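Here the structure comes first, spelled out in structure tokens, and everything after it is commentary.
The values are calculated or read from the model by the stated rules, or taken from the named source; none is laboratory data. This is a predicted model, so every value here is computed, not measured. Neighbour counts are summed over all protein chains in view; Cβ atoms, including those assigned to glycine, are modelled from backbone coordinates with ideal geometry. These accessible areas exclude ligands, DNA and RNA; they are computed on the full protein's heavy atoms, side chains included. Shrake-Rupley method; radii C 1.70, N 1.55, O 1.52, S 1.80 Å.
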Amino acid sequence: MDLTSAARRLYGVAPEEFTAARQELAKQAKRDGDAVLAKRVGALRRPTVSAWAVNLLSREAAPELEMLLDTGSDLRAAWSQGRPISGLEQRRGELVDLLVRAARRLAADAGRPLRDPAGREVEDTLLAATVDPDAAEQVRAGALAHPLSHTGFVPAGFAPAPATEETVPRPARKRPAEPRTTPHRNPSAARRKTRTEPRDADERPVEVEPQEADEPPERDAGAERTARQAEKGRRRAERARLADEAEERAAKAERVLETREAEADEARRELDAAEAEARRLRAELDAAERRGDRLRRRVER
């Protein structure tokens, strides 16, 4: 057993059976002497209902799913080469609708009907598989833990074909920016722009540039760019920190959920055992009552 086959087996069970199945596979890996595999199996996440439904499609509707993934490959190729894609998009839509209906039917047959939010997540996952080759491989493998999503149609890793010169509007020419002026600190120095020092009658006055009072505009623009970049860096760091915290909270919540599910499974097993014991005791009581009735009749006779 390797991780791929273990995940394939594990993500084929119903979500409520996932935790127990994962524990059993991890124990089996330990018995086989593969502690690393046991740890990796134990780290697999329980699938959402929508991800489980897509995993069902990879098992129960593999031919239709493969047709959709092939259509996605053709779409990406046509997009990158600038060929028409309207027919492929229509075929993709028809296959996605077909597979979403199949997912709803399979989930209902398994006792877990898909609600509307989960149905939309199944549709988003299938569309993402037609756009991104990595998403297509994940869907094909049938071991999704979470639904996938995409933005727009542009396939990942591809740029649209270059447009011709006739179809691209020429950008409007920008007017040159007017030069910025730097105020002088000394008003009298600002007014005194030239001075003359004639050495003979024919010599022209010599212009003397006033001393710069402030930093040039280019330095101000560079400082502003640096400040903006620093602010963007701080925002990115803050978003990354919030994302890490959210992921940590989600992992903690999932661990708590798995613990509660294990406790619920144990309680259900204890309840089944108690009900079986109660049935046994009732049967013994009925038998004892029948024996008592027979003895009373003998005494009466």
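Filter segment 127-139 down to the residues that are open to solvent by less than 80 Å² (accessible area, probe 1.4 Å) and either more than 12 Å from Ala51 (Cα to Cα) or free of Cβ contacts under 8 Å to residues at least 40 places away in the same chain (or both) and list them by number. Write out each step before concluding.
Applying the first criterion (open to solvent by less than 80 Å² (accessible area, probe 1.4 Å)) to segment 127-139 yields 127-133, 135-136, 139.
Passing the criteria: Leu127, Ala128, Ala129, Thr130, Val131, Asp132, Pro133, Ala135, Ala136.
Suppose the filter is in contact with a Ser or Thr (Cβ under 8 Å, 6 or more places away or on another chain) and crowded, with 20+ Cβ neighbours inside 10 Å; does Leu56 pass it? No; evaluated as a whole, the condition is false for this residue. If the condition is being of a type in the set (Val, Ile, Thr) and either under 11 Å from Ala6 (Cα atoms) or open to solvent by 70 Å² or more (accessible area, probe 1.4 Å) (or both), then segment 30-49 contributes Val36, Val41.
For segment 62-89, taking the residues that are without any contact (Cβ under 8 Å) to a residue 40 or more places away in the chain, over 18 Å from Leu127 (Cβ atoms) and assigned to a helix (DSSP H, G or I), the one that is most open to solvent (accessible area, probe 1.4 Å) is identified as Pro63.
For segment 280-291, indicate whether the set of residues that are out of contact with any Asp or Glu (no Cβ under 6 Å at 6 or more places or on another chain), part of a helix (DSSP H, G or I), modelled with pLDDT of 50 or more and under 30 Å from Leu44 (Cβ atoms) is non-empty. There is no residue in segment 280-291 that is out of contact with any Asp or Glu (no Cβ under 6 Å at 6 or more places or on another chain), part of a helix (DSSP H, G or I), modelled with pLDDT of 50 or more and under 30 Å from Leu44 (Cβ atoms).
Leu25 meets the conditions (1) closer than 19 Å to Ala136 by Cα; (2) open to solvent by less than 70 Å² (accessible area, probe 1.4 Å) in every case but one. The failed one is (1). When each of Arg45, Arg92, Arg59, Arg40 is tested for being part of a loop (DSSP other than H, G, I, E, B) and either in contact (Cβ under 8 Å) with a residue 24 or more places away in the chain or of a type in the set (A, V, I, L, M) (or both), the lone residue that passes is Arg45. Within segment 111-126, restricting attention to residues that are open to solvent by less than 70 Å² (accessible area, probe 1.4 Å) and more than 15 Å from Ser58 (Cα to Cα), the residue that is nearest to the chain's Cα centre (by Cα) is Asp124.
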